[in-house]
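Worksheet: one structure, shown below.
The values are calculated or read from the model by the stated rules, or taken from the named source; none is laboratory data. These numbers come from a predicted model, not from an experiment. Note that each Cβ is placed from the backbone with ideal geometry, even for glycine, and that neighbours are counted across all protein chains shown. Surface areas here come from the heavy atoms of the whole protein model, side chains and all, with no ligands, DNA or RNA. Shrake-Rupley method; radii C 1.70, N 1.55, O 1.52, S 1.80 Å.
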Amino acid sequence: MSFLNSIKRNKAKTERVIIYGESGLGKTTFATSAPNPIVIQTEDGLGEIDVPCFPLAESYIDVMKALDALVNESHDFKTVVIDSLDWLETLIWKQVCTDNKVSSIEKIGYGRGYNEALVFWSYFFDELNKCRDKGMLVIMTAHSQVNKVEDPEHLTFDQHDLKLHKKAAALCREFADVIGYASLKKIIKVTEGKGFNDDRNRAISTGERILNLSANPAYVAKNRYDMASSMPLLWSEFAKQLPSQK
């Protein structure tokens, strides 16, 4: 039998999306505006949003049970929302500590605890991929943090990134098809000073919430599709450029 007979056509799947940024920008509102969502809560962040959700997860096992139900039981949900990844990481660390009978992941020597955590992240991503196999869109939210980036070709600079341990953040960035950095649009106002070289630059928010989708030294972002580099933080605008929603 020729090995050419094993060739298959790649079937397009729904996307894996991460939306991150500071608190209060509307990341959860954005995510729950996707088609027929179900939320897996790792933090109490839904507020007044009226949307189907599992009980607040108190452990990593609670999260995996919710995903298992979505994978193996009949339902009509079209989007699974994980709110949020950084609080999920706390549950993963708690599970690692339980397995190693320690009170802190730092007490597992030589960074081994963070490596063990990656195994739990992999199990989590496997379940999300099974949700995709059922045709579900995957949207994950996360908070942001500013990291120092050392680039051998440039000076050290600050960059907004996922609020996760660096190894977990790298795994999440690799897993996602789209990473959007949510921010407030700003303009720079220059105030002239009286002395030599005494001008002052001030960033002033316009109040407009923006979703940034292309890589930039100031923040981590990406998309595997031909999407706009930025757009309003609105699901209606985002969906117009998402392949599965066209």
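Assorted remarks:
- Single match in Leu4, Leu46, Leu70 (criterion: in a helix (DSSP H, G or I), touching a helix residue (DSSP H, G or I) at 6+ places or on another chain (Cβ under 7 Å) and of a type in the set (A, V, I, L, M, F, W, C)): Leu70
- Residue within region 6-22 that is open to solvent by 70 Å² or more (accessible area, probe 1.4 Å) and among the hydroxyl-bearing types (Ser, Thr, Tyr) present: no
- Screening the candidates Val146, Val102 for the property of being of a type outside the set (Ser, Thr, Tyr), open to solvent by 30 Å² or more (accessible area, probe 1.4 Å), in contact with a His (Cβ under 7 Å, 6 or more places away or on another chain) and free of Cβ contacts under 8 Å to residues at least 60 places away in the same chain yields one hit, Val146.
- Those residues of region 122-143 which are part of a helix (DSSP H, G or I), more than 11 Å from Arg16 (Cα to Cα), among the charged types (D, E, K, R) and touching a residue at least 24 places away in the same chain (Cβ under 8 Å), in sequence order: Glu127, Lys130, Asp133
- Number of positions in region 217-246 that are of a type in the set (Lys, Arg) and within 29 Å of Val149 (Cβ to Cβ): 2
- Filter result for Asn223 (at pLDDT 75 or above and at negative phi): yes
- Condition check for Lys65: without any contact (Cβ under 8 Å) to a residue 60 or more places away in the chain, open to solvent by 90 Å² or more (accessible area, probe 1.4 Å) and basic (Lys, Arg): yes
- Residues being among the hydroxyl-bearing types (Ser, Thr, Tyr) and modelled with pLDDT under 95 - total across region 231-246: 1
- Hits in region 188-214 - residues which are at pLDDT 90 or above and assigned to a loop (DSSP other than H, G, I, E, B): Leu213, Ser214
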